Structure formats: C-alpha cells, structure tokens
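First comes the structure, then the notes that go with it.
Values in this text are rule-based calculations from the coordinates and carry no lab data. Everything quoted here is computed from the prediction, not taken from an experiment. Cβ sites come from the backbone with ideal geometry, for glycine too, and all protein chains shown count toward neighbours.
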Amino acid sequence: MSLQKTVKTGTNLYEIEFLVNKNDFDAAIEKAYRKNVKSINVPGFRKGKAPRSIIEKMYGVGVFYEEAINDCLPAAYSEAAKESALDIVSQPEFDVSSIDENGVLVKATVYVKPEVQIKDYLGIPVEKVVTPVTDADIDADINAARERNARTIDITDRPAELGDTAVIDYEGFCDDIPFEGGKAEGHHLKLGSGQFIPGFDEQIVGKSIGESFDVKVTFPTEYHAENLAGKDAIFKVTLHGLKATELPALDDEFAKDVSEFNTLDEYKADVAAKLTKKNESAAEAQVEEQLIDALIDLLDADIPTPMFDTETENFVRDFDNRLRMQGLNLSTYFNYTGLNLDALREQFRPQAERQVKTRLALEKIAELEGFEVSDEEIEEEYNRIAKLYSMEVEQIKNSIDAEGIAADLKVKKAVELVKEKAVVTEKTAETAETAEATDAAEATDAAEVDKEEK
C-alpha cells in the first residue's frame, strides 16, 4: 500500500487516495478464487476443480474483484489513514478509481476533527448552592434505617388502622355480576398505600379480624379496563388478619446494630456528616454542570455530524452492556417499553452532543495551556483503572493505548484548571430560591411594562 495524496474537499472533509499494490491484490484474488471455486459449476470439470483462468473466462476477469478488494481494504486503509496523519472521526466511504497493472487505486472520503476556538474560559462565574443539613434530614435518614430493620408483628387486639397490612379475601361485583380480575384470596394490602381503587382502604379501617363486609367504590373514569371505567362496584371482603411494622427503639442498642458506633449521639453525628458530604458533592456537581454549559457556549467549532453519531452509538452500546449485566438485552427492553433502536438513539442524542462539545472544548483548553503528561502519570492511571475493574494492569494496557490515557489525563487537567479558576459565589438553598423568585418577579414586571408601552 502507498498513500498517493490527501485532498481537502470541504469543511472538515478530506479525500485520502491510496494504492493497493498489485501483489497484494493478486493474492486476494487467489484467496477469493480458492474460497469460492468449490461452489462453481463449470462444464467439463468436476465441481470445485475448475481452473481460475477458465472461471474468469466464463464470468469475466473481474469475477473475484469485489471480494478481493473488500479483503484488502481494511488493512490498506488503516495504513493510509495513519500515514495521512489526519485526525479522522468518521467511517470512510470508499470509491475504487481504477484497477490496472499497478494495483487498485482507492479514494476514501472521511471527516476529521474540527478546528476549535475557545476563549475566556478562565474566571467563569458560577453559583454554588449549598443545602444545609437539618434535624429533619437527619431524622428522615435514621427513620429509613429503622424501617429497614423493622420487624412485622401480628395484630390481634384491635381493629384495622391505616398503616397496617390487612390479609383479605375479596370479590368485586358490578350490577351484581362478578367481573374478571376482581377476586383474590389471602391478599396482603397495606392500608393507605393507594394500591387499590380510591376509598377501598379507608373502608377496611375499623374492621376486626374475622369480619366480613361490603366495600363500595367507584372506578375512576380513566380506569384501564374500559368496561369498568366510571362504574360503581361492591367488593365482598373478609378480613383474615392484620400485620403491623414495629420499628426498633431509637437508642444506643439500635446505633450498635446499624453502625460501627456505640451510642446514638455518635451515630447521629455520623449521619449528619455523611449528609453534609452528600449535599456538598451535589453542589459541586451543579457547579461542574454550570461550567460545562459555559464552556459549550464559549466553544466555536463546526462539528461534523458523524462525531455526534459515533458518540450516540457509544451511549447505546454502554446502555446495552448495563442491561446485559442485569440479565436483560435491548430486545427485551424494547418489548417492555415499546421503543425501538431509532427512538433510543433519539433519547441519547442530546447527551451525546453535549459530551462531544465538552470534550472538544477541554481538549482545546489543554492544548492552549500546554499541558503535558508524564510516563509516571500514565502508569498511575493504568494502575487506577486496573484496581477499579479488578483486572491486571497488562490487560488494561492491551485494551487502552498510552496515547488515549494521556489524552484523558490532559482533559482531566483542563477540568481541574477551569474549576480552580472559576469565580464561585456560594449561596444557601433559601437564598437561591429568594433570588429566583425576585428575578421571576422582575421579569414579570418588565413584561407588564413592555406590554403597557406597546
């Protein structure tokens, strides 16, 4: 193979012309002949024994050209693309220009990474909204832990109350006729959960175990079963049992059971610290989102559509992998959701475009700042990834080349620089809400004034 020339034919669009030499092409033709001769019938020859020259005479000299070219192209194009030194971001579109005594002359049309401009990326103003941790937040977290460690007890000494789980038999009737799906035995219904038709749970409250009674309800007008929508119904119900959730006592013993602490006060302090850290992380994530939005606005680039297409496919592939880890696949997901592959791509497209623009902006910043990455940093990153995925370092090195690692580390440095130089104004959640309300009121007033002037 030899690269003939590289020609720019449009914005971010190039044509790579390269030659598959005659020896390689002839070898590919011979390979195609040997692969297909066994299925070709030629009069006068046993099946699979006809000479290549005879087959070419019967069917034309180019009978094996297409398969031979397809066999040669991947390696030849890969070598030409590398020699061209272009930063290619699309799959090539091939066009065979000629086939002669020199070999096969091929043109590959490709898109390349765009020229990028960005400025004013240092000192971006952002707001960091910090949500303080309240006693209510701490109590809610601890109560969630209590509920996870609760036990279920049988109730025998009182009537049903909201929050109980009632064990019931029931059968539903419309116009004294039982309807399909309206009957069950030994059903567990948590009263107040809203699992059944509105008004059903409340009519069980106050009833005692062993009692049989009627529950009168009206199906919602938008009920999924059209034959029942908007109709009155009577359920014949028998209450067989009541169960309640008993929360553990909120004391030092509870703290010992659910944490590494010996006292409830220590446990509460730890919960408060973790919630504070969680809120801080959320605030930092919001800051990063604002910075990314700003960088995308500052980005000046004519981005080829194939870059967005490729990133969209990456999102789809990652989603498919996550499904497979859960024992599912895309086909099953589509059956459940009613979506198809095109609809899924459409869902991921905005994220893909955002990802591409963000990466281009950060890569340009890394270039403008002259960031470099040392061999030691690359080795540390290989070790970090290996530890993260519980793999051997050599396996990671075989999967990701050092250039890719270095590029990612430069982007990471660009992120850290933009965050470090950002002008951050900290606000509490209450302050931010007040500011938003004020801005909204001012916007409304301005609109009213503008309306009156018109």
Inset, instruction - Hey, for a label at Ala229 modelled as a point 7 Å past Cα toward Cβ, could you say which residues of segment 149-176 have their backbone N under 19 Å away? - result: 174-175
Inset, instruction - Please give the peptides 383-394, 285-296, 89-100 ranked by average Cβ packing (other Cβ atoms within 10 Å per residue), highest first, as a rough proxy for protection. - result: 285-296, 89-100, 383-394
Legend entry - Evaluated over segment 172-241, the Cα radius of gyration and Dmax, each in Å: 12.1, 34
Legend entry - At 1.567 mPa s and 4 °C, Stokes D of segment 142-295 from Kirkwood alpha-carbon radius, µm² per second: 67 µm²/s
Legend entry - Summed side-chain charge close to Phe219 - residues other than Phe219 whose Cβ falls under 12 Å, Lys, Arg +1, Asp, Glu -1: -1
Inset, instruction - Pop the C-beta distance of Asp139 and Val393 into the FRET formula with R0 = 51 Å and round what comes out to the nearest 0.05. - result: 0.65
Inset, instruction - Pull out the extension gain between Lys22 and Lys35, defined as 0.36 nm times the separation in residues minus the alpha carbon to alpha carbon distance; nm, one decimal. - result: 2.7 nm
Inset, instruction - Please give the net charge around Asp87, taking every other residue with its beta carbon less than 11 angstrom from that of Asp87, where Lys and Arg add +1 and Asp and Glu add -1. - result: -1
Legend entry - Descending semi-axes in whole angstrom, ellipsoid equivalent of segment 24-70, from the Cα gyration tensor: 19, 11, 8
Legend entry - Charge tally in the Cβ shell below 12 Å around Glu288, where Lys, Arg are +1 and Asp, Glu are -1, Glu288 excluded: -2
Legend entry - Rg over Rh, two decimals, segment 274-354 (C-alpha only, Kirkwood Rh): 1.10
Legend entry - Within segment 190-269, GluC sites (Glu not before Pro) in DSSP loop having at most 11 other beta-carbon neighbours inside 10 Å: Glu222, Glu226, Glu260
Legend entry - Total lysine pairs whose alpha carbons fall under 26 Å of each other in segment 6-119 (8 or more apart, or interchain): 24
Inset, instruction - Identify which of the listed values of volume of the Cα convex hull per residue in Å³ was calculated from the structure shown: (i) 360; (ii) 320; (iii) 232. - result: (i)
Legend entry - GluC sites (Glu not before Pro) restricted to segment 112-171 and DSSP loop, no more than 16 other C-beta within 10 Å: Glu115, Glu161
Legend entry - Of all DSSP beta bridges in the chain, antiparallel share, percent nearest 5: 90 percent
Legend entry - Longest to shortest principal axis, alpha-carbon extents of segment 100-175, angstrom: 98, 50, 34
Legend entry - Mean projection area, nm², convex hull over Cα of segment 262-311: 5.6 nm²
Inset, instruction - Scan segment 11-83 for GluC sites (Glu not before Pro) in coil per DSSP, keeping those whose Cβ has at most 15 other Cβ atoms within 10 Å, and list them by number. - result: none
